[in-house]
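Enquirer: This is the structure I have questions about; it appears just below.
The values are calculated or read from the model by the stated rules, or taken from the named source; none is laboratory data. Because the structure is predicted, anything quoted here is derived from the model rather than measured. Virtual Cβ from ideal backbone geometry, glycine too; neighbours counted across all protein chains shown.
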Amino acid sequence: MNVQFVVLTPVLARAARAAIGLALKDAAKQAGIGINTLNRFEMEGRRDVSLDTAYKIAQFYQERGIEFPDDRTMRMKAEMAA
């Protein structure tokens, strides 16, 4: 899969998780990261996760049909939303 470059913010990460209907623990498990790590990332102002982990989080959501056109917007891909 071709993953686009995106600056994933805590707000976008929470919105993406809500859009696919996953609890924090389920998203963390499926993304292959710790629940505390995802929680830290999603907390506003706590962007102290590694670049590799931030990439993993973004990739996880993109693989599930979430697009991040800019650093303030997320949306479901058209074919996934139907």
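Enquirer: Identify all residues within segment 11-32 that are farther than 21 Å from ALA78 by Cα and either buried (at least 21 other Cβ atoms within 10 Å of the Cβ) or among the polar types (S, T, N, Q) (or both); write none if there are none. Break it down into steps so the answer makes sense when it comes.
Expert: Let us first name the residues in segment 11-32 that are farther than 21 Å from ALA78 by Cα, namely 11, 23-32.
Residues satisfying the conditions are ALA27, ALA28, GLN30, ALA31.
Enquirer: Any chance you could count how many residues in segment 21-78 are more than 17 Å from VAL11 (Cα to Cα), small (Gly, Ala, Ser) and either touching a residue at least 60 places away in the same chain (Cβ under 8 Å) or not in a helix (DSSP H, G or I) (or both)?
Expert: Adding up the residues that qualify gives 4.
Enquirer: If you don't mind, there's one more thing I want to ask. So which of PHE41, PHE5, PHE68, PHE60 ends up being modelled with pLDDT of 90 or more and over 9 Å from the mean Cα position of the chain (by Cα)?
Expert: Values: PHE5 fails: modelled with pLDDT of 90 or more; PHE68 fails: modelled with pLDDT of 90 or more; PHE60 fails: over 9 Å from the mean Cα position of the chain (by Cα).
Exactly one residue qualifies, and that residue is PHE41.
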